[in-house]
Every structure is written in C-alpha cells, then in structure tokens.
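The values are calculated or read from the model by the stated rules, or taken from the named source; none is laboratory data. Keep in mind the model is a prediction, meaning the values are calculated, not measured. No Cβ is skipped: glycine too gets one built from the backbone with ideal geometry, and neighbour counts run over all protein chains shown.
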Amino acid sequence: MKRFILNILVFSGLMISISSCEGFLETRPTNVIVAETAMLTLYDAGIVVNGLYENMKWFDYYGTQMQLFGDERGDNIQPRAMSVGWPQIYTLGYESEANTYFSTWSRCYETIMRCNTLIGNIGNLQVTSTADIAKRDDYLGQAYAIRALVYFDLARLYGYPYAKDNGASLGAVLITEITSPLNSKKPRSTVAETYTQVLGDLTIALPLLSKTKNTYHFNYWAAKLLQARVYLYKGDWNNAYTAAKEVIDSSPYSLVSNAGYVNYWKEEGASETVLELFVSNQARIDLDGGYASMCHNLWHGAPSSGATLIPTVSWINLIKSEPGDVRAQFVRYDSQYEISKAWLSKFPGNGGVNFRLNNPRILRISEAYLIAAEGAIKGSAGVTAASTYLNAIRKRANPSLSDITATDALIQIERRKEFIGEGHRFFDQMRLGNSITRADGDGHNFAVSAGCPETITWNYFKIVLPISHTERKLYPQLQQNPGYTE
C-alpha cells in the first residue's frame, strides 16, 4: 500500500504541494508521507528520484518554456505571428502585476523541495552491500545535481548575469532543508550566493555519482558538464575549460558524425547526448502538451501543426553563409505559409514518428567542446587549444572547411549555429554583456512594434523575469526585481 501511494504521489503529481498557480508560498516539501513512511527501500528511493525528473518535464520548465526563454528572447527564433508561440516571451511583454502566467518559479521550487526531502531522508535507508551503497549514493548525488541545475536556472531567469555586477543582483531563495518557503521566511539571496550554492551542490554530487552512461538521469559526466557551464557563466574560464576537457577526454560520449547529425535529433540516448529527459505517449503529465510541448505546435511545418515558431532571417543567412553546413538542412520551406517564412525541422520527434514528442536535450557533448574552446581562449590554455575544440564542431557540421584560428567571436557564432532551439542564445549574449538586435527588417519581427527595444542589453530591466504579484502577495519576503512595479 505504501509503495502504491508513493507511485501515485510521484508520477501523477498529486503531491501535497499545491499547484503552481497558487504560488511559491505553498510549495511544500515533497511529501511528509514520502519522507517518513514510503521511502523504505532503494526501490522506493528510485521511484522518488524518477519523480524529480518527471517534475522537470512540465510545460513550464524543460517541457517548453526554459528553451523559449533562451531562444525567443534572442535573435534566432521568433513566433510566426503575434497571436501564437508565446509572443509575450518574444517581446519581453511580461508585467509583475499580472498573475503567474509563467509558473517556472513555482515549478522550480517544487522540484527543489522534492530534492531536499530525498537528501534529508535517504540516509535513513539500511543498506549494507557494496552495490546497494553505491546505488544509494548515486540517488543522493542525482538529487544534489538536480537541485544544482534548478538553482542555476533560477539565477539565469530571475537574476542579472554574473559579470554585470559580480553577482550582486538578486538571485534565488536558497532553501536546503526539509521545510517550505512559508516556514523558512527567507528573502532572496544574491546571484553570487546562488552560484556558490550551485557549485557546492555539484561538489557534493560528483563523487557520489556513477560514471556509467545513464542518458535519462544525471551521472558524473552530466554533473561535470553542468559544472563547466556554471563556471562559464561565472567567467571562471580556467575551471570551465578543465571541467569541459575532462568530459571530452574521459567520458563515454562522442560527437555524432556529419552524416548522422540530422538523424541524431530523432534518436533517443545517442552517443552525443549526456543528459536528456525521456518523454513518451504513455507518460504524458499535462494534457495541454506538458513536456511534449517542446514541439507541440511550435516548430513543425505540416499544415496540421502550424510552425508557430520560425527561425529568423538573420539565423538563416548565418547558417547558409558557408555552403555545405549540415545544419542548413534544418531550414525548411515546405509549409502552407509564404515561402519567406521558413520553419525549423531540427526536432522531428522521437524516432521521427510524432513531432510532438521530443526528448529535451539538456546537456550534449558538443557543448563541452564549445565551453572548452571559450574557456581556453579566455583562460590560460590558449588559442591553440581553443582552435582544436572549435574546429571539431565546425568541421563536424561542414567537413569541407579548413581549420581556422579561434577567436571569441567565432566561438559565439558557432554556439549560435549549433544550439538553435535548445535555449542558449539569449543567455549567452547576456552573460557576455553583448547586445541583441531584432530589427524590423529581420523577417517578420514584430517585437519592436509591440514595444520591445530594438536592441536589448543587460541594462534593460526586462532581461530578468519579474516575481509576480501573486507570489509576492503570498510571500512578502520575496523581493521584486528592479524596474518592475512593487
């Protein structure tokens, strides 16, 4: 009976913690029942761990919105029309006095509370064999790694880039104990303090995690690559390079070939994927699309779907600037819309069968190469090392190219080409203090006419999301980001 209750709680989402629309205030620990009576065996602990990933697949996190916050606010992707494709993300047209239309904050804290519950209780399991101890430790490491990822995402979404003020802006509310925000009464920390928490969680997680390939769960290599990404965002170039290089040199992952690159996006658990979230028809958790929504009526160009998100003309021109780039095959024109409105066919669905069901790729080894390149050229490893890693990605995409000498500008161009639709571009430009320009002449851009500045820099207050009026009313300690209505 207890195990049955646990399955219901974890997999159907009927946790005591309330729905995100009721606010961050009420996001409670995973569940008192789960913590104290249901997690009696390693089998139970494994179900709880799986539940952590389930929670991340919803529409308001990695199911759709996390990628859109990274792409639609940049210069790679835009909605086809004002009426579709989350235009308020594209135009940065969100206001604090609205109710919680982006429930990512609450979703993140629900996941954190579940991590805290597992971390606080898994040590009570009585395990004696070497294999069981290793499994218990791996589950614990996964909880720390997931918590690190979630806190990092909160810092990226709700805090200004680290380099803007050395992390002095408001970050996440740091809760690491089994409690609820209501009981903790903590205010928001700084971005620097949030990064410290993230890196601390990863330091704990790494020696606990298995190095065995485990595509749908955090393992050592996924945590190490996340660590490299965090160091990159922090501007700690040497540590970013070292962590990324370890993943490249020692992990069981490898770049797929040029010939296999397009089909890679149909495959599950392919050699290039370090961490992805598994989705299936049998495991949907949100009838409005849920975590199937990354391509739910967003990208596909078939008349029955809509191609509601399309690549910008500037990205199309960039990807076609070097003939022979395999990624240019993602630009398709066979839709019911005018030919100038190309659509993006990067995400054809698992197995190429159902375009609505795409496993979100959270970490790929290609990112390790480009982190190593950027860390090398800005740190002590130097231009030669940076060129090696940059050219590996360039020539995978286009084998006819000759080697070039790396520059930071070339590395950022390659990141823009490689990661379209994966949620990197906006965050890359902001972390570097670069600007994003979306002129009216870039295809069918309507951001400027909707009131968004033509050029966005990290000085524009709307590059960070507001804490909604609903959240602040319930939780007065939750400080608002500057520029939004108190």
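Take the conditions (1) over 27 Å from Ala381 (Cβ atoms); (2) crowded, with 18+ Cβ neighbours inside 10 Å; Thr242 misses just one of them, which is (1). Would segment 103-118 turn up any residue that is more than 26 Å from Lys473 (Cβ to Cβ) and among the β-branched types (Val, Ile, Thr)? Yes, because at least one residue in segment 103-118 is more than 26 Å from Lys473 (Cβ to Cβ) and among the β-branched types (Val, Ile, Thr).
When we screen Thr194, Thr111 for residues that are under 21 Å from Asn459 (Cα atoms), under 23 Å from the mean Cα position of the chain (by Cα) and among the β-branched types (Val, Ile, Thr), the only hit is Thr194. For Glu276, are the conditions met, namely being under 25 Å from Leu52 (Cα atoms) and surrounded by fewer than 20 Cβ atoms within 10 Å (Cβ to Cβ)? Spelling it out, it is not the case that Glu276 is under 25 Å from Leu52 (Cα atoms) and surrounded by fewer than 20 Cβ atoms within 10 Å (Cβ to Cβ). Ser435 - would you say it is of a type in the set (Ser, Thr, Tyr), crowded, with 17+ Cβ neighbours inside 10 Å and at negative phi? So Ser435 does not fit the description; no.
Going by the structure shown, is Ala406 out of contact with any Gly (no Cβ under 7 Å at 6 or more places or on another chain), part of a helix (DSSP H, G or I) and small (Gly, Ala, Ser)? No. Tell me whether segment 341-356 contains one or more residues that are within 30 Å of Ser400 (Cβ to Cβ) and at pLDDT below 70. Yes, some residue in segment 341-356 is within 30 Å of Ser400 (Cβ to Cβ) and at pLDDT below 70. Yes or no: segment 229-239 includes at least one residue that is more than 18 Å from the chain's Cα centre (by Cα), under 15 Å from Thr203 (Cα atoms) and in a helix (DSSP H, G or I). The answer is yes, given that some residue of segment 229-239 is more than 18 Å from the chain's Cα centre (by Cα), under 15 Å from Thr203 (Cα atoms) and in a helix (DSSP H, G or I). Considering (1) under 16 Å from Asn214 (Cβ atoms); (2) part of a helix (DSSP H, G or I); (3) free of Cβ contacts under 8 Å to residues at least 60 places away in the same chain, the lone condition that Leu226 does not fulfil carries the number (3). May I ask you to say which residue of Trp58, Trp105 is surrounded by 21 or more Cβ atoms within 10 Å (Cβ to Cβ), out of contact with any Ser or Thr (no Cβ under 8 Å at 6 or more places or on another chain) and among the aromatic types (Phe, Trp, Tyr)? Residue meeting the stated conditions: Trp58. For Tyr216, the criteria (1) in contact with a helix residue (DSSP H, G or I) (Cβ under 8 Å, 6 or more places away or on another chain); (2) within 17 Å of Leu363 (Cα to Cα); (3) at pLDDT 95 or above hold in every case but one, which is (3). Regarding Asn445, is this residue over 28 Å from Phe152 (Cα atoms) and touching a Lys or Arg at 6+ places or on another chain (Cβ under 7 Å)? The answer is yes for Asn445. Within segment 178-212, the set of residues being of a type in the set (Ser, Thr, Tyr) and at pLDDT below 90 comprises Thr179, Ser180, Ser184.
The residues of segment 391-406 that are surrounded by 20 or more Cβ atoms within 10 Å (Cβ to Cβ) and within 14 Å of Pro323 (Cβ to Cβ), listed by number, are Arg394, Ala397. Residues that are under 27 Å from Ala148 (Cα atoms), touching an Asp or Glu at 6+ places or on another chain (Cβ under 7 Å) and either of a type outside the set (A, V, I, L, M, F, W, C) or surrounded by 18 or more Cβ atoms within 10 Å (Cβ to Cβ) (or both): does segment 108-119 have at least one? Scanning segment 108-119 turns up at least one residue that is under 27 Å from Ala148 (Cα atoms), touching an Asp or Glu at 6+ places or on another chain (Cβ under 7 Å) and either of a type outside the set (A, V, I, L, M, F, W, C) or surrounded by 18 or more Cβ atoms within 10 Å (Cβ to Cβ) (or both).
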